[in-house]
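Okay, so here's the structure we're looking at.
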Amino acid sequence: MVLLAALPGNGFGWGREGHRLVARIAALHLNGKAQAEAAKLLAGESLESIAAWADEVRPQRKETTTWHYINIPIKAERGDWRQYCPASGCVLRSVQEMAAKLKNPALPAGERTEALKFLVHFAGDMHQPLHVSDNGDRGGNDVPIIFQNRPSNLHSVWDTPIVLQAEAQPGFEARVTKKAGYWERKKLQKGSVGDWAWDSVRISRSVTYGLLPAGRPAKVEQAYVKSSVAPVEAQIRRAGLRLALLLNQSLGR
């Protein structure tokens, strides 16, 4: 398994590596018009190269901080997510707003380019379980853990180290980035942004929090990591295919 020299900071859903994979999956599933429009807006960059941009600009764009997450209680009943979205915004509202901007050809190209960069990133964020769910602990940021003999917190570990552990599994990248067939796309792309968010809450309840060892700080062993690999792989693939749907709807018609 991958040995990590250091753990990342808080709040960067899936980290650079996870967002790169989400963007690569999406790029493989764009229709011709969406590909051309995205290339025009990005002017030489790719979906992969801008996938982490929204995190990079956060220090200068303080107003975007709450756009990366929504704190839905893990014990909440499936329903309207809007009650958990503050006036300052949340990731689900941001996904909808950026998709709408991208779809509007009357907006200046620069504004649509920015919307595209945000959308690529936020589609990934909303599939990181701890960017959608909360157990009264700021999405796991306040849950101290020991991971690979280093102190960290639950949120940080799910942002990048868990992804790197999953990526180290044989065949991971090939499985995640393979071209999807009709029935897989139909299955994973159905539903609304809200439906997709509740899928993340379910995983957080059953795996992220549900399998976490008792005690604080919780000592995360390989058994927990092993149980998390399949959900991580599934969420990254879902994020990529759903991002492709949003981009095809916004740019490919």
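The values are calculated or read from the model by the stated rules, or taken from the named source; none is laboratory data. This structure is a prediction, so every number in the text was calculated from the model and none was measured. Heads up, the Cβs are rebuilt from the backbone with ideal geometry, glycines too, and the neighbour counts pull from every protein chain shown.
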Q: Name, by its number, the condition in (1) at pLDDT 95 or above; (2) of a type in the set (F, W, Y); (3) buried (at least 21 other Cβ atoms within 10 Å of the Cβ) that does not hold for W14.
A: (1)
Q.
Among the residues of the range 37-46, are any small (G, A, S), surrounded by 14 or more Cβ atoms within 10 Å (Cβ to Cβ), modelled with pLDDT of 95 or more and more than 27 Å from A234 (Cα to Cα)?
A. yes
Q: Pull up the range 95-119, narrow it to residues that are assigned to a helix (DSSP H, G or I) and among the polar types (S, T, N, Q), then point me to the one that is surrounded by the most Cβ atoms within 10 Å (Cβ to Cβ).
A: T113
Q.
Could you check the range 200-212 and list, in sequence order, the residues that are in contact with a Lys or Arg (Cβ under 9 Å, 6 or more places away or on another chain) and surrounded by fewer than 19 Cβ atoms within 10 Å (Cβ to Cβ)?
A. R202, R205
Q. Looking at I203, is it closer than 21 Å to C85 by Cβ and not in a loop (DSSP other than H, G, I, E, B)?
A. yes
Q. If a residue has to be assigned to a loop (DSSP other than H, G, I, E, B), without any contact (Cβ under 8 Å) to a residue 24 or more places away in the chain and more than 19 Å from the chain's Cα centre (by Cα) to count, how many in the range 76-94 make the cut?
A. 4
**Q.** Where V157 falls short, out of the listed (1) more than 13 Å from the chain's Cα centre (by Cα); (2) of a type in the set (A, V, I, L, M, F, W, C); (3) surrounded by fewer than 19 Cβ atoms within 10 Å (Cβ to Cβ)
**A.** (3)
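Only residues that are surrounded by 12 or more Cβ atoms within 10 Å (Cβ to Cβ) and in a helix (DSSP H, G or I): list them for the range 183-194, please.
Initial filter on the range 183-194 (surrounded by 12 or more Cβ atoms within 10 Å (Cβ to Cβ)): 184-185, 187-189, 191, 193-194.
Within the range 183-194, E184, R185, K187, L188, Q189, V193, G194 qualify.
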Q) What residue, among those in the range 197-229 that are basic (K, R) and farther than 23 Å from V95 by Cβ, is farthest from the chain's Cα centre (by Cα)? A) R216
(Q) With the requirement that a residue be surrounded by fewer than 17 Cβ atoms within 10 Å (Cβ to Cβ) and part of a loop (DSSP other than H, G, I, E, B), what does the range 213-253 give you? (A) P213, A214, G215, R216, P217, E221, R253
